[in-house]
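Student: Handing you a structure now.
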Amino acid sequence: MTAPERDPRSQALKLDGVPVATLARRFGTPLYVYSHSTLVANYDRIRQAFAEIDPLIAFSTKSNTNGTILRILLERGAGLDIVSGGELERALRAGADPARIIYAGVGKTREEIAAALNVRILAFNVESPAEAEAINEVASGFGRKAPVAVRVNPDVAADTHHYISTGRKETKFGIPYHDVRRLCRRLARMPHLRLIGVHAHIGSQITQTEPFVKALERVVQLTHQLRRDGLTIDLVNLGGGFGIGYEESTQPIDLEELARRMMPMLRELRAQVIFEPGRSIVGPAGFLLTRVLYIKEAQTKCFAIVDGAMNDLLRPSLYSAYHRILLDGRPGRGRRRVYDVVGPICETGDFLGKDRPFPPLKPDDLLLVCDAGAYGMTMASNYNSRPRPAEVLVRQDKAYLIRHRETIDQIIGCEEIPPFLNGSGAEQRSARSPRKVRA
Ligand code: LLP
């Protein structure tokens, strides 16, 4: 990983050659910043680790949907993993080849299925018999066969947060391992489906190789059984989930070791292998840059109140996730104090980090929240009517605005006032008419 760099003298932080202080000045805070070099290095590393079998690396769009990020990865040969009609639209607008798009998710609507069929995506990952029926029916309207892969739930435990562990039998995902053959026989009889593969995704942020190896063993076994049943399985999708090192003490998954352990089985599969990584590509490439507003000394704690909040980066609040937080530019090795880094939102759960030691902080200090590129901006909301942050890409000493900061007009502009409120005085103060606050 290449970013961030720290000037040894001034302790100033730079991302791909651009000082974060310059970014804050130019684009304001809170701000998402993506390092082009890290993004590309992470993608290339996965590709190289598995180069021998030339897998399709279908970037998991849900982790980061910014069109520039998608384009950079598409240019390098990535496919895309999508989970909604909205993500399909983004994928197409970013120029993705539909023949490299995989559509997953337990609740695809008929409209979404039709849109994906219309552009001829590579495959739908089927998650239930009812969904298979729906795809079959929609495809019959097109007079075509929809390509499908069955998502198997391999019932493999992965040591991760229970909200993002998907491979156990208790979760809503996939078809139970022992029911898959029966379902596949049923699918094979549906006239408008073409069963082409199997899919397994056991969860996210998995840093051990063992669960992936176990899941692959089960998938290999299943593939052989299905082939013995006379079915053609040309596509084996092993999902995403490669874990990254959020904490100083956690090692990211050892991709080369994983590839070494998986390769004998992958070689023997004789199928197009697909991976759907999201976090491991874009997570460490993204940062949330935030500014200290106030320091508040409470009885037992010291709070650094910053302008970034849980609506910008939800992971700490939702999963108690740890993100490293770096202070920009404070030379010397003085005294340190411990802070909770919190946002302006009216919730106790609104924090970006707890009990973090820093040199004494002061208003206007810049803090860089690391590993925020995946499930950062895509899970951002407008809670407390806070416009979502701008996004910037840094590459070779230059910064590019890749998404404007949202405006309050854009947020309020979606609302409608019912006619019965018109004329009651609300008209003049209508939600759509902005009032000038500042001259
Ligand atoms: N494929 C499927 C079918 C998935 O459900 C997911 C993630 C991925 C691929 C990509 O997994 P990755 O390589 O990014 O681990 N919001 C949570 C993560 C939710 C993951 C959902 N599915 C977080 O912030 O940790």
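Student: Kindly put 319, 32, 43 in sequence by how many other C-beta atoms sit within 10 Å of each C-beta, fewest to most.
Tutor: Working: 319 15, 32 28, 43 22.
Ascending number of Cβ neighbours within 10 Å: 319, 43, 32.
Student: Taking neighbour Cβ counts within 10 Å as the exposure measure, how do 312, 365 sort from fewest upward? Could the numbers behind the result be given before it?
Tutor: On the way: 312 29, 365 20.
With the sparsest Cβ surroundings first, the list reads 365, 312.
Student: For residue 296, go through the aspartates and glutamates and keep the ones whose alpha-carbon is under 13 Å away, minus same-chain ones fewer than eight residues off.
Tutor: 340
Student: Here's another thing I want to ask about it. Return the subset of 14/301; 62/398; 14/398; 301/362 for which the Cα-Cα distance in this structure is over 23 Å, preserving the input order. Walk me through the numbers before you get to the answer.
Tutor: Numbers: 14/301 30 Å; 62/398 27 Å; 14/398 11 Å; 301/362 15 Å.
As for pairs spanning more than 23 Å Cα to Cα, those are 14/301; 62/398.
Student: Sticking with this structure for a sec: Which whole-Hz ³J(HN,Hα) couplings does segment 83-99 yield from phi under the Karplus relation 6.51 cos²θ - 1.76 cosθ + 1.60, θ = phi - 60°, glycine and proline marked x?
Tutor: Calculated HN-Hα couplings, in order: 9, 6, x, x, 5, 4, 4, 4, 4, 5, 5, 7, x, 5, 7, x, 5 Hz.
Student: Out of 213, 191, 31, whose Cα points farthest toward the positive end of the dipole of the chain (charges: +1 Lys, Arg; -1 Asp, Glu; placed on Cβ)?
Tutor: Most positive-ward Cα: 31.
Student: May I pose another question? Using the beta-carbon distance between residue 256 and residue 76 and R0 = 22 Å, what value does 1/(1 + (r/R0)^6) give for FRET efficiency, to the nearest 0.05?
Tutor: On the way: r = 19 Å, r/R0 = 0.88.
The value I calculate is 0.70.
Student: Return the sequence-ordered ³J(HN,Hα) values of segment 222-238 in whole Hz as given by the Karplus equation 6.51 cos²θ - 1.76 cosθ + 1.60 applied to θ = phi - 60°, using x for Gly and Pro.
Tutor: My calculation for segment 222-238 gives 5, 4, 4, 4, 5, 5, 5, 6, x, 8, 9, 10, 9, 10, 10, 9, 9 Hz in order.
Student: Set the Förster radius R0 to 22 Å, insert the Cβ-Cβ distance between residue 396 and residue 355 as r into 1/(1 + (r/R0)^6), and round the FRET efficiency to 0.05. Spell out each step's value before the answer.
Tutor: Values: r = 37 Å, r/R0 = 1.68.
It comes to 0.05.
Student: Classify segment 1-153: rounded, prolate or oblate, from the alpha-carbon gyration tensor (a ≥ b ≥ c, eigenvalue square roots; a/c under 1.5 rounded; otherwise prolate if a/b is larger than b/c)?
Tutor: On the way: a/c = 3.10, a/b = 2.23, b/c = 1.39.
Prolate.
Student: Once a ≥ b ≥ c are taken as the square roots of the eigenvalues of the Cα gyration tensor of segment 100-163, is the result rounded (a/c under 1.5), prolate (a/b larger than b/c) or oblate (a/b not larger than b/c)? Walk me through the numbers before you get to the answer.
Tutor: Details: a/c = 2.47, a/b = 2.16, b/c = 1.14.
Because a/c hits 1.5 or more and a/b exceeds b/c, segment 100-163 counts as prolate.
Student: At a 10 Å Cβ-Cβ cut-off, how would you order 121, 417, 196, 202, fewest neighbours first? Working shown, then result.
Tutor: Working: 121 25, 417 14, 196 21, 202 29.
Going from sparsest to densest Cβ surroundings: 417, 196, 121, 202.
Student: Below 25 Å, Cα to Cα, which lysines can residue 214 reach? Residues fewer than 8 away in the same chain don't count.
Tutor: Residue 214 reaches 169, 172.
Student: Only loop residues by DSSP count here, and only those with at most 12 other Cβ atoms within 10 Å; note down the trypsin sites (Lys or Arg not before Pro) in segment 321-383 that meet that.
Tutor: Numbers: sites: 324, 333, 335, 336, 337, 354; in loops: 324, 333, 335, 336.
For trypsin sites (Lys or Arg not before Pro) across segment 321-383 that sit outside H, G, I, E and B with at most 12 neighbouring Cβ atoms in 10 Å, the list reads 333, 335, 336.
Student: To continue, here is another question. Using a/c under 1.5 as the rounded threshold, could you call segment 36-282 rounded, prolate or oblate? The axes a ≥ b ≥ c are square roots of the C-alpha gyration tensor eigenvalues, and prolate needs a/b larger than b/c, oblate otherwise. Walk me through the numbers before you get to the answer.
Tutor: On the way: a/c = 1.66, a/b = 1.22, b/c = 1.36.
Oblate is the answer for segment 36-282, as a/c is 1.5 or above yet b/c matches or exceeds a/b.
Student: Given points 7 Å out from each Cα along the Cα-Cβ axis, report the residue 229 to residue 272 separation in nanometres with one decimal.
Tutor: 2.2
Student: Still on this structure, please answer the following. Taking the Cβ-Cβ separation of residue 144 and residue 421 as r and a Förster radius of 45 Å, what is the calculated FRET efficiency to the nearest 0.05? Write down the numbers at each step before the final one.
Tutor: Values: r = 48 Å, r/R0 = 1.07.
For R0 = 45 Å, the calculated efficiency reads 0.40.
Taken together, the values in this text are just the output of simple stated rules run on the coordinates, not laboratory data. If you're wondering where the values come from, they're calculated on a predicted model, not measured in any experiment. Here Cβ is always computed from backbone atoms with ideal geometry, including for glycine, and neighbour counts include all displayed protein chains.
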